[in-house]
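S.K.: Can you read through this structure? Questions will come right after.
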């Protein structure tokens with residue numbers, strides 16, 4: 001096997017930045033604007049109809065062209081550079097020196113649930129860990145050094161004030177957990193072993209929600225797994241210490257992209273002073 | 001150390017008070033009033049994390065989710081991302097932001113220093129699960145590993161003492177995944193400054209991660225079938241640039257020898 005690395009494509013200001021007209025995120029926004037213009041100005045209907053048919057034909061053709069990953073990345077960065085980076089030099093100057101996020105966020109690797117989108121986190125706001133089913137395993141220096149390193153860095157070095165664990169609807173990882181047969185046989189190299197971090201959530205759901213459909217049980221498990229992860233956070237001594245000192249708050253959340261809703265809850269942990277003898 | 005703007009202003013005031021007599025009492029009252037105002041302002045602007053999360057979701061719901069119902073309905077049924085992206089947990093380098101990925105485009109794994117360790121079911125099941133799911137189940141077409149400037153994890157790697165001792169519970173053990181990259185940097189750029197070596201290591205570590213991807217059989221199989229491409233990226237937020245490179249590994253489908 002030969003390896004050839006680094007045919008470098010520098011994207012300093014890569015690609016043509018999109019024009020202002022294309023800046024709207026939503027195509028529906030643009031269509032609404034066009035319809036508004038047509039209702040205000042007479043005589044443009046025929047011309048507009050012809051042009052829209054032309055655009056549709058062009059787009060249909062584009063759709064059949066093979067996807068160009070390099071172009072996609074180039075144009076994505078160009079858009080960020082012109083619309084965000086160059087418009088906020090002071091912010092990006094400060095960020096280049098240091099980050100001081102107030103949040104550490106655990107979210108699923110699922111392409112539909114990035115907290116930068118669903119919670120509109122801006123650069124510098126949230127230190128993020130993304131893995132299958134947004135799991136926080138318990139403290140284990142052999143098996144889970146990745147998550148441990150992220151928590152250690154966020155809590156001890158960045159001194160984040162909040163850790164939020166966000167579950168979501170239709171989670172493939174949770175479905176996988178709920179689908180593991182009762183005899184525990186697994187068919188994957190990693191996935192089933194990983195998701196079994198939240199086996200206590202599955203047990204709880206199977207016991208308490210046995211009357212619900214599989215899909216309903218999965219939804220409950222998505223939320224219970226968040227609670228298991230929150231509990232696992234407390235197995236890290238630096239997390240416990242910060243929570244008890246009240247410099248760190250733990251929160252659970254669930255993003256439902258079927259119904260477009262977001263639930264948020266607190267996870268409280270207190271140590272009461274010992275009772276007198 | 002440079003003086004803060006407050007220190008400079010206070011020095012100016014003190015100079016004035018020493019130059020002109022009779023202003024002390026008036027100045028004292030004004031400063032006391034300012035202190036009280038600032039205390040109140042500080043209290044009013046105390047950060048509310050619940051409010052921040054609520055506002056953030058409402059922003060997303062009104063500006064995106066509710067505006068494109070057809071798009072989000074389709075996405076709710078299935079995801080078909082074309083990318084698996086590895087990026088650092090650093091709050092400044094979210095690929096959704098920096099590369100303008102929309103929901104549904106990129107399956108993401110974020111960890112300290114955007115590391116991909118080699119196949120290891122005991123020690124690295126987290127990353128393994130992401131790769132297994134993305135390549136075998138979602139059949140992503142591209143894997144992109146993105147390094148970045150001023151990476152704290154790479155700095156920790158470059159700062160590891162030569163005798164292998166660690167000084168924390170997890171961080172040092174995790175970044176040790178990158179030791180081959182560090183060794184390459186120390187050997188090829190031995191006369192560079194520490195900062196320069198860190199920058200080289202940020203990029204070498206991406207290349208190392210790309211090589212480590214090959215230790216996963218589903219990655220090798222997809223490469224051999226030309227169904228998968230590997231790419232490295234480097235986001236330099238100091239200079240506002242993004243470097244992208246392809247990793248060409250010539251993997252051919254296996255031939256079975258000696259079967260009758």
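S.K.: May I ask you to verify whether residue A:192 is within 14 Å of another protein chain (Cβ to nearest Cβ), over 21 Å from residue B:77 (Cα atoms) and free of Cβ contacts under 8 Å to residues at least 12 places away in the same chain?
M.R.: No; evaluated as a whole, the condition is false for this residue.
S.K.: I've got another one for you. Out of curiosity, is residue B:241 in contact with a strand residue (DSSP E or B) (Cβ under 7 Å, 6 or more places away or on another chain) and either touching a residue at least 24 places away in the same chain (Cβ under 8 Å) or surrounded by fewer than 21 Cβ atoms within 10 Å (Cβ to Cβ) (or both)? Steps first, please.
M.R.: On the way: in contact with a strand residue (DSSP E or B) (Cβ under 7 Å, 6 or more places away or on another chain): yes; either touching a residue at least 24 places away in the same chain (Cβ under 8 Å) or surrounded by fewer than 21 Cβ atoms within 10 Å (Cβ to Cβ) (or both): yes.
Criteria met by residue B:241.
S.K.: Right, next: For region B:209-232, what are the residues that are more than 19 Å from the chain's Cα centre (by Cα) and either within 10 Å of another protein chain (Cβ to nearest Cβ) or farther than 22 Å from residue A:191 by Cα (or both)?
M.R.: Passing the criteria: B:211, B:214, B:216, B:217, B:218, B:220, B:223, B:224, B:225, B:226, B:229.
S.K.: Being more than 7 Å from every other protein chain (Cβ to nearest Cβ) and under 23 Å from residue B:49 (Cα atoms) is true for just one of A:98, A:130. Which residue is that?
M.R.: On the way: A:130 fails: more than 7 Å from every other protein chain (Cβ to nearest Cβ).
Only one candidate passes the filter, namely A:98.
S.K.: Quick one: count up the residues across region B:82-129 that are more than 7 Å from chain A (Cβ to nearest Cβ) and part of a helix (DSSP H, G or I).
M.R.: 3
S.K.: Taking residue A:267, is it surrounded by 18 or more Cβ atoms within 10 Å (Cβ to Cβ), at pLDDT below 95 and touching a helix residue (DSSP H, G or I) at 6+ places or on another chain (Cβ under 8 Å)?
M.R.: So residue A:267 passes the test.
S.K.: Among the residues of region A:167-178, are any in contact with a helix residue (DSSP H, G or I) (Cβ under 6 Å, 6 or more places away or on another chain), in contact (Cβ under 8 Å) with a residue 60 or more places away in the chain and assigned to a helix (DSSP H, G or I)? Lay out the reasoning, then the answer.
M.R.: Taking region A:167-178 and keeping what is in contact with a helix residue (DSSP H, G or I) (Cβ under 6 Å, 6 or more places away or on another chain), we get A:167, A:171, A:173-178.
So of that shortlist, the ones also in contact (Cβ under 8 Å) with a residue 60 or more places away in the chain come out as A:167, A:171, A:173.
Going one step further and asking which of them are assigned to a helix (DSSP H, G or I), we end up with A:173.
Scanning region A:167-178 turns up at least one residue that is in contact with a helix residue (DSSP H, G or I) (Cβ under 6 Å, 6 or more places away or on another chain), in contact (Cβ under 8 Å) with a residue 60 or more places away in the chain and assigned to a helix (DSSP H, G or I).
S.K.: Answer yes or no as to whether residue A:86 is surrounded by fewer than 24 Cβ atoms within 10 Å (Cβ to Cβ), within 8 Å of another protein chain (Cβ to nearest Cβ) and in contact (Cβ under 8 Å) with a residue 24 or more places away in the chain.
M.R.: Numbers: surrounded by fewer than 24 Cβ atoms within 10 Å (Cβ to Cβ): yes; within 8 Å of another protein chain (Cβ to nearest Cβ): yes; in contact (Cβ under 8 Å) with a residue 24 or more places away in the chain: no.
Answer is no for this residue.
S.K.: Are any residues in region A:140-162 in contact with a helix residue (DSSP H, G or I) (Cβ under 6 Å, 6 or more places away or on another chain) and farther than 17 Å from residue B:170 by Cα, and if so, which ones?
M.R.: Those that are in contact with a helix residue (DSSP H, G or I) (Cβ under 6 Å, 6 or more places away or on another chain) and farther than 17 Å from residue B:170 by Cα: A:160, A:162.
S.K.: If you don't mind, another one. Look through B:140, B:175, B:206 and report the one residue that is assigned to a loop (DSSP other than H, G, I, E, B), within 12 Å of another protein chain (Cβ to nearest Cβ) and closer than 26 Å to residue B:98 by Cβ. Let's see the steps before the verdict.
M.R.: Numbers: B:175 fails: assigned to a loop (DSSP other than H, G, I, E, B); B:206 fails: assigned to a loop (DSSP other than H, G, I, E, B).
The match here is B:140.
S.K.: Any residue in region A:138-153 that is more than 7 Å from chain B (Cβ to nearest Cβ) and either modelled with pLDDT under 95 or in contact with a strand residue (DSSP E or B) (Cβ under 6 Å, 6 or more places away or on another chain) (or both)?
M.R.: So far as region A:138-153 goes, no, none of its residues is more than 7 Å from chain B (Cβ to nearest Cβ) and either modelled with pLDDT under 95 or in contact with a strand residue (DSSP E or B) (Cβ under 6 Å, 6 or more places away or on another chain) (or both).
S.K.: What number of residues within region B:67-81 satisfy the criterion of being more than 7 Å from chain A (Cβ to nearest Cβ) and not in a helix (DSSP H, G or I)?
M.R.: 2
S.K.: Keeping to region A:111-127, report how many residues are touching a strand residue (DSSP E or B) at 6+ places or on another chain (Cβ under 7 Å) and without any contact (Cβ under 8 Å) to a residue 60 or more places away in the chain. Spell out how you get there, then give the answer.
M.R.: Filtering region A:111-127 for residues touching a strand residue (DSSP E or B) at 6+ places or on another chain (Cβ under 7 Å) gives A:111, A:113-115, A:118, A:125-127.
Applying the additional criterion that residues be without any contact (Cβ under 8 Å) to a residue 60 or more places away in the chain yields A:111, A:114-115, A:125-127.
Total satisfying the criteria: 6.
S.K.: Here's something else I'd like to know. Would you check which residues across region A:243-257 are touching a residue at least 24 places away in the same chain (Cβ under 8 Å), surrounded by fewer than 20 Cβ atoms within 10 Å (Cβ to Cβ) and under 13 Å from residue A:270 (Cα atoms) and list them? Please lay out each step first, then the result.
M.R.: The first filter runs over region A:243-257 and keeps only residues touching a residue at least 24 places away in the same chain (Cβ under 8 Å), leaving A:243-244, A:247-257.
If we keep only those that are surrounded by fewer than 20 Cβ atoms within 10 Å (Cβ to Cβ) as well, we get A:244, A:247, A:249, A:256.
Matches in region A:243-257: A:244, A:247, A:249.
S.K.: Give region B:149-172 a look and list any residue that's assigned to a loop (DSSP other than H, G, I, E, B) and more than 15 Å from the chain's Cα centre (by Cα), or say none.
M.R.: The first filter runs over region B:149-172 and keeps only residues assigned to a loop (DSSP other than H, G, I, E, B), leaving B:149-151, B:160-170.
Selection gives B:160, B:161, B:162, B:163, B:164, B:165, B:166, B:167, B:168, B:169, B:170.
The values are calculated or read from the model by the stated rules, or taken from the named source; none is laboratory data. Keep in mind that this is a model prediction, so the values were computed, not measured. Virtual Cβ from ideal backbone geometry, glycine too; neighbours counted across all protein chains shown.
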